[in-house]
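Working notes for the structure below.
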Amino acid sequence: GENVEQHPSTLSVQEGDSAVIKCTYSDSASNYFPWYKQELGKRPQLIIDIRSNVGEKKDQRIAVTLNKTAKHFSLHITETQPEDSAVYFCAATTGANNLFFGTGTRLTVIP
Amino acid sequence: DVKVTQSSRYLVKRTGEKVFLECVQDMDHENMFWYRQDPGLGLRLIYFSYDVKMKEKGDIPEGYSVSREKKERFSLILESASTNQTSMYLCASREGPRNEQFFGPGTRLTVL
């Protein structure tokens with residue numbers, strides 16, 4: 001099955017700096033890559049996703065890039081704010097019924 | 001605007017007890033999932049269901065079973081709870097494989 005690896009496991013940045021979280025996947029048939037954010041004590045929620053027919057997608061301060069050849073995708077957060085502090089999960093799927101999640105990155109934005 | 005609910009936020013059980021965790025979604029989704037979340041291990045899939053009375057094993061099904069008698073309800077059962085099943089359990093539902101997956105608030109289960 002699919003194997004998704006996520007790095008780093010923890011990340012601390014100063015407020016206003018950028019943060020980058022990287023994920024690799026093993027199954028070249030994977031074609032949908034969502035990112036979920038889980039704030040402390042809350043449920044994971046989708047923040048952005050990308051399909052394999054595009055290389056980049058942006059939504060305000062958040063962007064995701066996809067390199068199908070290298071089988072990796074990344075989440076970029078610019079101008080970080082304290083409310084960006086959370087655990088972020090990447091995921092991948094081939095279109096079967098399962099999402100395969102990475103192990104998560106705990107992002108801390110230092111005011 | 002609650003879409004996925006779980007029967008309990010916190011639960012404390014004794015070793016050997018039978019435990020039921022229930023999940024209800026109001027979005028008419030075909031697919032429902034149970035995950036456990038442990039520090040450093042991310043979200044691990046226990047079981048999933050893509051239709052009423054249908055179930056499939058996920059990555060860590062040992063010690064668990066599930067039931068889906070109605071489309072909106074998906075139950076996770078620990079037949080004989082053990083201490084290593086102390087964890088956060090998250091239910092989720094989704095319409096299709098490339099649609100947003102909605103999570104419940106989680107049940108933090110402690111087995112003593």
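The values are calculated or read from the model by the stated rules, or taken from the named source; none is laboratory data. Small disclaimer: the values here were computed from a predicted structure and weren't measured. So basically every Cβ, Gly included, is an ideal-geometry build from the backbone, and we count neighbours across all protein chains shown. Heads up: the accessible areas ignore ligands, DNA and RNA and are worked out on the full protein's heavy atoms, side chains in. Shrake-Rupley method; radii C 1.70, N 1.55, O 1.52, S 1.80 Å.
Quick one: net charge of B:L11's neighbours, Cβ under 14 Å, K/R +1, D/E -1?
Charge balance near B:L11 sits at +4.
Please state the relative contact order of chain A as a whole percent: Cα pairs under 8 Å, 6+ residues apart?
Contact order relative to length: 37 percent.
Heads up, I need the accessible area for A:H76: 1.4 angstrom probe, whole protein in place, Å², nearest 10.
60
At 1.4 Å probe size, with no ligands or nucleic acids counted, give the accessible surface of B:M88 in Å², nearest ten.
About 30 Å², ignoring ligands and nucleic acids.
If you take the accessible area of A alone, add that of B alone, and subtract the area of the pair, what total do you get in Å², probe 1.4 Å, to the nearest 100?
Interface area, both chains combined: 1800 Å², rounded to the nearest 100.
Kindly count the pairs of lysines across chain A whose alpha carbons are less than 21 Å apart, treating pairs on different chains or eight or more residues apart as eligible.
Count of close lysine pairs: 11.
Over the Cα atoms of region B:40-94, Rg to Rh with Kirkwood Rh, two decimal places?
Rounded to two decimals, Rg over Rh is 0.95.
Can you work out the Karplus-derived ³J(HN,Hα) for every residue in region A:31-41? Use 6.51 cos²θ - 1.76 cosθ + 1.60 with θ = phi - 60°, whole Hz, and x for glycine or proline.
In residue order, the calculated couplings are 9, 9, 9, x, 10, 10, 10, 10, 6, 4, x Hz.
Just in region B:1-62: which trypsin sites (Lys or Arg not before Pro) are loop by DSSP and have at most 15 other Cβ atoms within 10 Å?
Hits after loop and neighbour filter: B:K3, B:R9, B:R14, B:K18, B:K53.
For chain A, what is the Kirkwood estimate of the hydrodynamic radius, computed as the reciprocal of the mean inverse distance between distinct Cα atoms, to one decimal in Å? Mind dumping the intermediate values first?
On the way: mean 1/r = 0.0719 Å⁻¹.
Evaluated over chain A, this radius sits at 13.9 Å.
With the solvent-accessible surface defined on protein heavy atoms using a 1.4 Å probe, which residues belonging to region A:19-59 display a reduction of at least 10 Å² in accessible area in the multichain context relative to the isolated chain?
A:N31, A:Y32, A:Y36, A:Q38, A:G41, A:R43, A:P44, A:L46, A:R51
Provide the per-residue ³J(HN,Hα) series for region A:55-70, in order, calculated from phi with Karplus coefficients 6.51, -1.76, 1.60 and θ = phi - 60°, each as a whole number of Hz, with x at glycine and proline positions.
Working through the residues one at a time gives x, 8, 9, 10, 8, 6, 8, 10, 9, 10, 10, 10, 10, 5, 5, 8 Hz.
Hey, what's region A:54-111 come to in accessible area per residue, 1.4 Å probe, Å²?
Result: 46 Å² of accessible area for each residue.
Using Cα-only point scatterers and the Debye equation, what is log10 of I(q)/I(0) for chain B at each q in 0.12, 0.17, 0.24 Å⁻¹, rounded to two decimals?
Here log10 of I(q) over I(0) equals -0.36, -0.74, -1.45.
Pick out, from B:W34, B:G63, A:Q81, the residue whose Cα sits farthest towards the positive end of the charge dipole of the protein assembly as shown, with +1 on the Cβ of Lys and Arg and -1 on the Cβ of Asp and Glu.
B:G63
Treating cross-link reach as a plain straight distance, find the aspartates and glutamates whose alpha-carbon is under 14 Å from the alpha-carbon of B:K71, omitting any fewer than eight places away in the same chain.
The qualifying aspartates and glutamates are B:E22, B:D26, B:D28, B:E30, B:D51, B:E95.
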